[in-house]
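A short write-up of the structure that comes next.
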Amino acid sequence: MAKMKKTCSFCGRSDTEVAMMITGLNACICNECAERAQQIVAEELKKKQTTSALDLNTLPKPVEIKEFLDQYVIGQDDAKRFLSVSVYNHYKRLVQRDTADDVEIEKSNIIMVGRTGTGKTLLARSIAKLLKVPFTIVDATVLTEAGYVGEDIESILTRLLQVADYNVQEAERGIVFIDEIDKIARKGDNPSITRDVSGEGVQQGLLKLLEGSIVNVPPQGGRKHPEQKMIPVDTKNILFICGGAFDGIEKKIAQRLNTHVVGYTASQGASRLDRENMMQYIAPMDLKSFGLIPEIIGRLPVLTYLNPLDRSALRAILTEPKNSIIKQYVKLFEMDGVKLSFDEDVLEYIVDKAVEFKLGARGLRAIVETVMMDSMYEMPSRKEKTFVVTLDYARSRMENANVARLQAT
(Lines give C-alpha, C1' and ligand atoms only; values in the text may rest on other atoms or scores of the structure.)
Protein backbone atom coordinates (compact mmCIF):
# COMPACT_ATOMS: atom_id res chain seq x y z
CA MET A 1 0.00 0.00 0.00
CA ALA A 2 1.43 3.37 -1.00
CA LYS A 3 2.34 5.81 1.79
CA MET A 4 -0.04 8.79 1.99
CA LYS A 5 1.59 12.16 1.26
CA LYS A 6 1.52 14.86 3.90
CA THR A 7 0.81 18.45 2.84
CA CYS A 8 1.74 21.66 4.67
CA SER A 9 -1.42 23.43 5.83
CA PHE A 10 0.27 26.86 5.28
CA CYS A 11 2.06 26.71 1.92
CA GLY A 12 0.45 23.60 0.44
CA ARG A 13 3.70 21.82 -0.44
CA SER A 14 4.04 18.06 0.08
CA ASP A 15 6.59 16.30 2.28
CA THR A 16 8.64 15.43 -0.82
CA GLU A 17 9.20 19.12 -1.60
CA VAL A 18 10.50 20.20 1.80
CA ALA A 19 13.20 19.01 4.19
CA MET A 20 10.89 18.27 7.13
CA MET A 21 7.18 18.08 7.85
CA ILE A 22 5.85 18.52 11.40
CA THR A 23 2.56 16.72 11.99
CA GLY A 24 -0.14 17.79 14.42
CA LEU A 25 -3.55 16.35 15.26
CA ASN A 26 -5.37 17.74 12.22
CA ALA A 27 -2.70 19.72 10.35
CA CYS A 28 0.91 19.76 9.18
CA ILE A 29 3.55 22.48 8.85
CA CYS A 30 6.83 22.32 6.93
CA ASN A 31 10.18 23.44 8.34
CA GLU A 32 10.29 26.62 6.19
CA CYS A 33 6.88 27.83 7.35
CA ALA A 34 7.82 26.99 10.94
CA GLU A 35 10.95 29.18 10.62
CA ARG A 36 8.92 32.07 9.20
CA ALA A 37 6.39 31.70 12.01
CA GLN A 38 9.19 31.82 14.57
CA GLN A 39 10.51 35.06 13.06
CA ILE A 40 7.06 36.64 13.09
CA VAL A 41 6.52 35.68 16.74
CA ALA A 42 9.94 37.07 17.72
CA GLU A 43 9.26 40.40 15.98
CA GLU A 44 5.82 40.78 17.57
CA LEU A 45 7.18 39.98 21.03
CA LYS A 46 9.96 42.52 20.51
CA LYS A 47 7.42 45.20 19.59
CA LYS A 48 5.37 44.47 22.70
CA GLN A 49 8.46 44.57 24.90
CA THR A 50 9.63 47.93 23.52
CA THR A 51 6.16 49.40 23.76
CA SER A 52 5.83 48.47 27.43
CA ALA A 53 9.47 49.18 28.33
CA LEU A 54 8.83 52.66 29.74
CA ASP A 55 8.33 52.75 33.47
CA LEU A 56 8.80 55.69 35.84
CA ASN A 57 10.79 53.50 38.22
CA THR A 58 13.32 52.51 35.57
CA LEU A 59 13.56 55.81 33.67
CA PRO A 60 17.03 57.39 33.71
CA LYS A 61 16.82 60.52 35.88
CA PRO A 62 18.19 63.87 34.61
CA VAL A 63 21.28 63.52 36.80
CA GLU A 64 21.92 60.03 35.39
CA ILE A 65 21.45 61.27 31.82
CA LYS A 66 23.96 64.09 32.41
CA GLU A 67 26.45 61.68 33.98
CA PHE A 68 26.18 59.53 30.87
CA LEU A 69 26.77 62.54 28.61
CA ASP A 70 29.80 63.51 30.72
CA GLN A 71 31.52 60.34 29.52
CA TYR A 72 31.43 61.54 25.90
CA VAL A 73 31.22 65.35 25.96
CA ILE A 74 33.60 67.65 27.85
CA GLY A 75 32.10 70.71 29.55
CA GLN A 76 28.86 72.30 28.27
CA ASP A 77 27.13 71.66 31.61
CA ASP A 78 24.26 74.07 30.92
CA ALA A 79 23.39 72.43 27.61
CA LYS A 80 23.63 68.97 29.19
CA ARG A 81 21.25 69.96 31.98
CA PHE A 82 18.68 71.40 29.57
CA LEU A 83 18.95 68.37 27.31
CA SER A 84 18.73 65.89 30.21
CA VAL A 85 15.60 67.53 31.63
CA SER A 86 13.90 67.73 28.22
CA VAL A 87 14.56 64.07 27.44
CA TYR A 88 13.47 62.97 30.92
CA ASN A 89 10.23 64.97 30.64
CA HIS A 90 9.69 63.40 27.22
CA TYR A 91 9.91 59.95 28.80
CA LYS A 92 7.38 61.01 31.46
CA ARG A 93 5.00 62.29 28.79
CA LEU A 94 5.12 58.89 27.12
CA VAL A 95 4.32 57.16 30.41
CA GLN A 96 1.48 59.61 31.09
CA ARG A 97 0.07 59.02 27.61
CA ASP A 98 -0.86 55.48 28.65
CA THR A 99 -2.70 56.63 31.79
CA ALA A 100 -6.03 58.37 32.10
CA ASP A 101 -5.39 61.85 33.48
CA ASP A 102 -7.02 65.24 33.00
CA VAL A 103 -3.67 67.11 33.15
CA GLU A 104 -1.98 66.82 29.79
CA ILE A 105 1.75 67.54 29.74
CA GLU A 106 2.89 69.38 26.64
CA LYS A 107 6.26 68.63 25.09
CA SER A 108 9.13 71.10 25.39
CA ASN A 109 11.06 71.13 22.14
CA ILE A 110 14.59 72.44 22.61
CA ILE A 111 16.98 74.55 20.52
CA MET A 112 20.74 74.56 21.13
CA VAL A 113 22.86 77.47 19.90
CA GLY A 114 26.65 77.35 19.72
CA ARG A 115 29.64 77.87 17.49
CA THR A 116 30.73 75.15 15.12
CA GLY A 117 32.75 72.40 16.76
CA THR A 118 31.38 72.94 20.29
CA GLY A 119 29.53 69.61 20.50
CA LYS A 120 25.89 70.09 19.45
CA THR A 121 25.74 67.06 17.18
CA LEU A 122 27.96 65.05 19.52
CA LEU A 123 25.50 65.64 22.37
CA ALA A 124 22.69 64.34 20.16
CA ARG A 125 24.65 61.28 19.04
CA SER A 126 25.74 60.50 22.60
CA ILE A 127 22.26 60.68 24.08
CA ALA A 128 21.02 58.40 21.29
CA LYS A 129 23.11 55.61 22.83
CA LEU A 130 21.12 55.86 26.05
CA LEU A 131 17.60 56.16 24.68
CA LYS A 132 14.95 53.47 24.55
CA VAL A 133 13.00 55.36 21.90
CA PRO A 134 13.65 55.78 18.16
CA PHE A 135 16.15 58.57 17.51
CA THR A 136 17.31 60.14 14.25
CA ILE A 137 19.46 63.08 13.16
CA VAL A 138 18.46 65.09 10.08
CA ASP A 139 20.10 68.03 8.34
CA ALA A 140 17.96 71.10 7.74
CA THR A 141 20.16 72.32 4.86
CA VAL A 142 18.66 69.79 2.40
CA LEU A 143 15.05 70.73 3.15
CA THR A 144 13.02 72.88 0.77
CA GLU A 145 9.40 73.94 0.49
CA ALA A 146 7.13 71.32 -1.05
CA GLY A 147 7.28 71.25 -4.83
CA TYR A 148 10.88 72.41 -5.17
CA VAL A 149 14.19 70.57 -5.67
CA GLY A 150 15.38 69.13 -2.37
CA GLU A 151 13.79 67.07 0.38
CA ASP A 152 10.27 67.70 1.65
CA ILE A 153 9.65 68.38 5.33
CA GLU A 154 7.97 64.97 5.64
CA SER A 155 11.31 63.26 4.89
CA ILE A 156 12.24 63.98 8.52
CA LEU A 157 9.52 61.58 9.66
CA THR A 158 10.44 59.10 6.93
CA ARG A 159 13.85 58.67 8.55
CA LEU A 160 12.26 58.29 11.97
CA LEU A 161 9.97 55.58 10.59
CA GLN A 162 12.96 53.77 9.12
CA VAL A 163 14.75 53.80 12.49
CA ALA A 164 11.58 52.39 14.11
CA ASP A 165 11.36 49.61 11.49
CA TYR A 166 8.17 51.27 10.21
CA ASN A 167 6.46 50.70 13.54
CA VAL A 168 4.26 53.81 13.63
CA GLN A 169 3.49 53.50 17.34
CA GLU A 170 7.21 53.44 18.16
CA ALA A 171 7.99 56.31 15.78
CA GLU A 172 5.29 58.47 17.37
CA ARG A 173 7.23 58.52 20.64
CA GLY A 174 10.65 59.13 19.09
CA ILE A 175 13.13 62.00 19.23
CA VAL A 176 14.37 63.96 16.20
CA PHE A 177 17.51 66.11 16.19
CA ILE A 178 17.39 68.75 13.43
CA ASP A 179 20.93 69.97 12.77
CA GLU A 180 21.90 73.25 11.04
CA ILE A 181 18.56 74.85 11.94
CA ASP A 182 20.17 78.28 11.42
CA LYS A 183 20.60 77.55 7.69
CA ILE A 184 16.85 77.91 7.14
CA ALA A 185 16.74 81.43 8.58
CA ARG A 186 14.77 84.00 6.61
CA LYS A 187 17.01 85.67 4.06
CA GLY A 188 15.69 89.18 4.73
CA ASP A 189 14.30 91.06 7.72
CA ASN A 190 10.99 91.68 5.96
CA PRO A 191 8.70 89.18 4.23
CA SER A 192 9.45 89.09 0.52
CA ILE A 193 7.10 88.83 -2.43
CA THR A 194 9.47 86.21 -3.89
CA ARG A 195 9.57 82.63 -2.68
CA ASP A 196 12.11 81.81 0.05
CA VAL A 197 11.86 78.08 -0.59
CA SER A 198 14.81 76.97 1.56
CA GLY A 199 14.38 79.54 4.31
CA GLU A 200 11.03 80.83 5.55
CA GLY A 201 9.23 78.24 3.40
CA VAL A 202 10.89 75.42 5.35
CA GLN A 203 10.15 77.12 8.67
CA GLN A 204 6.46 77.34 7.78
CA GLY A 205 6.48 73.66 6.87
CA LEU A 206 8.14 72.70 10.16
CA LEU A 207 5.41 74.35 12.22
CA LYS A 208 2.92 71.51 11.86
CA LEU A 209 5.59 68.98 12.84
CA LEU A 210 6.79 70.89 15.92
CA GLU A 211 3.37 71.72 17.34
CA GLY A 212 1.91 68.25 16.85
CA SER A 213 -0.37 67.14 14.05
CA ILE A 214 -1.12 64.10 11.91
CA VAL A 215 1.21 64.11 8.91
CA ASN A 216 0.99 61.79 5.90
CA VAL A 217 4.51 60.41 5.50
CA PRO A 218 5.88 58.73 2.35
CA PRO A 219 7.65 55.59 3.65
CA GLN A 220 10.28 55.60 0.87
CA GLY A 221 10.75 59.33 0.33
CA GLY A 222 8.45 61.76 -1.38
CA ARG A 223 9.23 62.19 -5.06
CA LYS A 224 10.90 59.07 -6.37
CA HIS A 225 7.94 56.85 -5.49
CA PRO A 226 4.77 58.90 -6.07
CA GLU A 227 2.63 55.76 -6.18
CA GLN A 228 3.42 54.68 -2.60
CA LYS A 229 0.77 54.63 0.10
CA MET A 230 1.17 57.35 2.72
CA ILE A 231 1.53 56.47 6.40
CA PRO A 232 -0.22 58.82 8.88
CA VAL A 233 2.08 59.78 11.78
CA ASP A 234 1.00 61.86 14.79
CA THR A 235 3.84 64.20 15.83
CA LYS A 236 2.17 65.20 19.09
CA ASN A 237 4.50 63.02 21.17
CA ILE A 238 7.67 63.36 19.06
CA LEU A 239 10.34 65.48 20.75
CA PHE A 240 12.27 67.82 18.46
CA ILE A 241 15.76 69.02 19.37
CA CYS A 242 17.27 71.66 17.09
CA GLY A 243 20.87 72.79 16.87
CA GLY A 244 22.67 75.50 14.93
CA ALA A 245 25.82 77.61 14.92
CA PHE A 246 23.95 80.88 14.17
CA ASP A 247 27.16 82.46 12.90
CA GLY A 248 27.06 86.22 13.51
CA ILE A 249 24.27 86.20 16.09
CA GLU A 250 26.72 87.67 18.63
CA LYS A 251 26.27 91.01 16.85
CA LYS A 252 22.50 90.76 17.29
CA ILE A 253 22.97 90.02 21.00
CA ALA A 254 25.40 92.94 21.36
CA GLN A 255 22.95 95.31 19.68
CA ARG A 256 20.19 94.22 22.03
CA LEU A 257 22.42 94.71 25.05
CA ASN A 258 23.48 98.12 23.70
CA THR A 259 27.13 97.15 23.58
CA HIS A 260 29.74 95.96 21.09
CA VAL A 261 31.49 92.64 20.65
CA VAL A 262 34.81 94.52 20.42
CA GLY A 263 35.84 97.98 21.58
CA TYR A 264 36.19 100.04 24.73
CA THR A 265 33.15 102.31 24.45
CA ALA A 266 30.76 100.07 26.33
CA SER A 267 28.74 101.44 29.19
CA GLN A 268 29.47 100.65 32.82
CA GLY A 269 26.73 98.01 32.88
CA ALA A 270 27.92 96.44 29.66
CA SER A 271 31.51 96.35 30.91
CA ARG A 272 30.55 93.42 33.12
CA LEU A 273 29.59 91.37 30.07
CA ASP A 274 31.83 88.55 28.89
CA ARG A 275 32.55 89.74 25.34
CA GLU A 276 34.38 86.51 24.54
CA ASN A 277 31.17 84.53 25.07
CA MET A 278 28.22 86.67 24.06
CA MET A 279 26.26 83.50 23.26
CA GLN A 280 25.44 83.00 26.94
CA TYR A 281 23.19 86.09 26.84
CA ILE A 282 21.07 84.78 23.95
CA ALA A 283 17.30 85.33 24.09
CA PRO A 284 14.40 84.36 21.79
CA MET A 285 14.32 87.89 20.32
CA ASP A 286 17.88 87.35 19.03
CA LEU A 287 16.70 84.30 17.09
CA LYS A 288 13.93 86.43 15.59
CA SER A 289 16.36 89.14 14.48
CA PHE A 290 18.61 86.43 13.00
CA GLY A 291 15.81 85.19 10.75
CA LEU A 292 13.67 82.61 12.56
CA ILE A 293 9.96 83.38 12.39
CA PRO A 294 8.16 84.02 15.72
CA GLU A 295 5.88 81.01 15.24
CA ILE A 296 8.76 78.54 15.12
CA ILE A 297 10.52 80.21 18.08
CA GLY A 298 7.34 79.77 20.11
CA ARG A 299 7.33 76.05 19.34
CA LEU A 300 10.94 75.72 20.58
CA PRO A 301 10.39 77.00 24.13
CA VAL A 302 13.62 75.65 25.66
CA LEU A 303 16.60 77.72 24.53
CA THR A 304 20.14 76.85 25.62
CA TYR A 305 23.65 77.63 24.44
CA LEU A 306 27.03 75.94 24.17
CA ASN A 307 30.18 77.68 25.39
CA PRO A 308 33.08 78.22 22.99
CA LEU A 309 35.90 75.77 23.66
CA ASP A 310 38.98 77.21 25.34
CA ARG A 311 42.42 75.64 25.39
CA SER A 312 41.85 73.53 28.51
CA ALA A 313 38.60 72.12 27.09
CA LEU A 314 40.29 71.21 23.81
CA ARG A 315 43.09 69.47 25.73
CA ALA A 316 40.56 67.43 27.70
CA ILE A 317 38.57 66.55 24.55
CA LEU A 318 41.72 65.12 23.01
CA THR A 319 42.16 62.33 25.57
CA GLU A 320 39.45 62.14 28.26
CA PRO A 321 36.10 61.09 26.66
CA LYS A 322 35.29 57.43 26.07
CA ASN A 323 35.54 57.97 22.34
CA SER A 324 38.36 60.55 22.43
CA ILE A 325 40.37 61.14 19.27
CA ILE A 326 43.61 59.75 20.72
CA LYS A 327 41.87 56.59 21.97
CA GLN A 328 40.45 56.01 18.50
CA TYR A 329 43.89 56.12 16.87
CA VAL A 330 45.37 53.91 19.59
CA LYS A 331 42.63 51.38 18.81
CA LEU A 332 43.27 51.59 15.07
CA PHE A 333 46.96 50.80 15.54
CA GLU A 334 46.17 48.10 18.10
CA MET A 335 44.13 46.25 15.46
CA ASP A 336 47.36 46.00 13.42
CA GLY A 337 49.29 44.77 16.46
CA VAL A 338 51.07 48.10 17.00
CA LYS A 339 51.20 49.89 20.37
CA LEU A 340 50.76 53.62 19.70
CA SER A 341 51.68 56.37 22.16
CA PHE A 342 51.98 60.15 22.06
CA ASP A 343 54.49 62.33 23.90
CA GLU A 344 52.84 64.92 26.15
CA ASP A 345 54.30 67.85 24.21
CA VAL A 346 52.73 66.45 21.02
CA LEU A 347 49.27 66.73 22.57
CA GLU A 348 50.00 70.32 23.61
CA TYR A 349 51.20 71.06 20.07
CA ILE A 350 47.98 69.66 18.56
CA VAL A 351 45.87 71.81 20.90
CA ASP A 352 47.93 74.91 20.03
CA LYS A 353 47.29 74.32 16.33
CA ALA A 354 43.55 73.83 16.93
CA VAL A 355 43.41 77.16 18.78
CA GLU A 356 45.38 78.80 15.98
CA PHE A 357 43.10 77.50 13.23
CA LYS A 358 39.90 78.24 15.24
CA LEU A 359 38.25 75.00 14.13
CA GLY A 360 36.90 73.88 17.52
CA ALA A 361 36.84 70.18 18.37
CA ARG A 362 36.61 69.28 14.68
CA GLY A 363 40.01 70.88 14.20
CA LEU A 364 41.58 68.40 16.60
CA ARG A 365 40.56 65.50 14.38
CA ALA A 366 41.81 67.23 11.23
CA ILE A 367 45.20 67.97 12.81
CA VAL A 368 45.70 64.48 14.26
CA GLU A 369 44.72 63.00 10.90
CA THR A 370 47.36 65.14 9.20
CA VAL A 371 50.03 64.12 11.71
CA MET A 372 49.19 60.39 11.54
CA MET A 373 48.49 59.92 7.84
CA ASP A 374 52.00 58.80 6.83
CA SER A 375 52.36 56.42 9.76
CA MET A 376 48.91 54.90 9.10
CA TYR A 377 50.02 54.29 5.53
CA GLU A 378 53.38 52.70 6.40
CA MET A 379 52.99 50.93 9.76
CA PRO A 380 50.65 48.06 8.69
CA SER A 381 53.38 46.86 6.28
CA ARG A 382 56.22 47.11 8.80
CA LYS A 383 57.27 44.68 11.51
CA GLU A 384 57.56 47.23 14.33
CA LYS A 385 55.23 46.61 17.27
CA THR A 386 55.53 50.06 18.88
CA PHE A 387 55.29 53.58 17.53
CA VAL A 388 55.84 56.77 19.53
CA VAL A 389 54.73 60.10 18.09
CA THR A 390 57.29 62.75 19.03
CA LEU A 391 57.07 66.52 18.76
CA ASP A 392 59.63 66.64 15.94
CA TYR A 393 57.66 64.03 14.00
CA ALA A 394 54.39 65.92 14.47
CA ARG A 395 55.95 69.22 13.39
CA SER A 396 57.52 67.68 10.29
CA ARG A 397 54.21 66.16 9.24
CA MET A 398 52.38 69.45 9.73
CA GLU A 399 55.03 71.37 7.78
CA ASN A 400 54.78 68.92 4.90
CA ALA A 401 50.99 69.12 4.86
CA ASN A 402 49.01 71.68 2.95
CA VAL A 403 48.32 73.93 5.93
CA ALA A 404 46.26 76.31 3.83
CA ARG A 405 43.87 73.45 3.03
CA LEU A 406 43.67 72.52 6.70
CA GLN A 407 42.81 76.08 7.71
CA ALA A 408 40.03 76.16 5.14
CA THR A 409 38.45 72.94 6.47
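Suppose the filter is at pLDDT 85 or above, at positive phi and open to solvent by less than 40 Å² (accessible area, probe 1.4 Å); does Phe246 pass it? When the stated conditions are applied, Phe246 passes them. Among the residues examined, Asp196 does not qualify as at pLDDT below 85 and either open to solvent by 60 Å² or more (accessible area, probe 1.4 Å) or closer than 30 Å to Asn307 by Cα (or both). When region 284-297 is filtered for residues that are touching a residue at least 12 places away in the same chain (Cβ under 8 Å) and surrounded by 14 or more Cβ atoms within 10 Å (Cβ to Cβ), the ones remaining, listed by number, are Pro284, Asp286, Leu287, Ser289, Phe290, Gly291, Leu292, Ile293, Ile296, Ile297. Taking residues in region 315-344 that are more than 26 Å from Leu123 (Cβ to Cβ) and polar (S, T, N, Q), and partners anywhere that are open to solvent by 40 Å² or more (accessible area, probe 1.4 Å) and part of a helix (DSSP H, G or I), the pairs with Cβ atoms closer than 9 Å and at least 6 places apart or on different chains are Ser341/Val330.
For Gly263, the requirement of being modelled with pLDDT of 85 or more and of a type outside the set (S, T, N, Q) is not met. Kindly check whether there is at least one residue in region 63-70 that is under 25 Å from Asp234 (Cα atoms), open to solvent by less than 70 Å² (accessible area, probe 1.4 Å), modelled with pLDDT of 90 or more and not charged (D, E, K, R). Checking region 63-70: not a single residue is under 25 Å from Asp234 (Cα atoms), open to solvent by less than 70 Å² (accessible area, probe 1.4 Å), modelled with pLDDT of 90 or more and not charged (D, E, K, R). Every test in (1) in a helix (DSSP H, G or I); (2) open to solvent by less than 40 Å² (accessible area, probe 1.4 Å); (3) at pLDDT below 85 is passed by Leu59 save one, and that test is (1). Filtering region 7-37 to residues that are open to solvent by less than 70 Å² (accessible area, probe 1.4 Å) and within 44 Å of the chain's Cα centre (by Cα) leaves Asn31, Glu32, Cys33, Ala34, Ala37.
For region 76-98, the criterion of a residue being at pLDDT 85 or above, assigned to a loop (DSSP other than H, G, I, E, B) and closer than 26 Å to Leu306 by Cα is satisfied by at least one position. Does any residue of region 335-357 turn out to be at pLDDT 90 or above, on the phi < 0 side of the Ramachandran plot, open to solvent by 80 Å² or more (accessible area, probe 1.4 Å) and of a type in the set (A, V, I, L, M)? Among the residues of region 335-357, at least one is at pLDDT 90 or above, on the phi < 0 side of the Ramachandran plot, open to solvent by 80 Å² or more (accessible area, probe 1.4 Å) and of a type in the set (A, V, I, L, M), which makes the answer yes. Looking only at region 376-397, which residues are more than 15 Å from Lys339 (Cβ to Cβ) and open to solvent by 70 Å² or more (accessible area, probe 1.4 Å)? Passing the criteria: Tyr377, Glu378, Ser381, Asp392, Arg395. Among the residues of region 278-293, those that are in a helix (DSSP H, G or I) and within 11 Å of Ala254 (Cα to Cα) comprise Met278, Met279, Tyr281, Asp286. If the condition is being among the charged types (D, E, K, R), under 20 Å from Ser86 (Cβ atoms) and either at pLDDT below 80 or open to solvent by 30 Å² or more (accessible area, probe 1.4 Å) (or both), then region 128-173 contributes Lys129, Lys132, Glu172. Within this structure, Lys327 fails the test of being open to solvent by 50 Å² or more (accessible area, probe 1.4 Å), among the charged types (D, E, K, R) and touching a helix residue (DSSP H, G or I) at 6+ places or on another chain (Cβ under 7 Å). Residues in region 84-92: is at least one over 19 Å from Arg173 (Cα atoms) and β-branched (Val, Ile, Thr)? No, region 84-92 contains no residue that is over 19 Å from Arg173 (Cα atoms) and β-branched (Val, Ile, Thr).
The values are calculated or read from the model by the stated rules, or taken from the named source; none is laboratory data. Please read these numbers as outputs of a predicted model, since none were measured by experiment. Here Cβ is always computed from backbone atoms with ideal geometry, including for glycine, and neighbour counts include all displayed protein chains. Remember, those area values only see protein heavy atoms, side chains included, never the ligands or the DNA or RNA. Shrake-Rupley method; radii C 1.70, N 1.55, O 1.52, S 1.80 Å.
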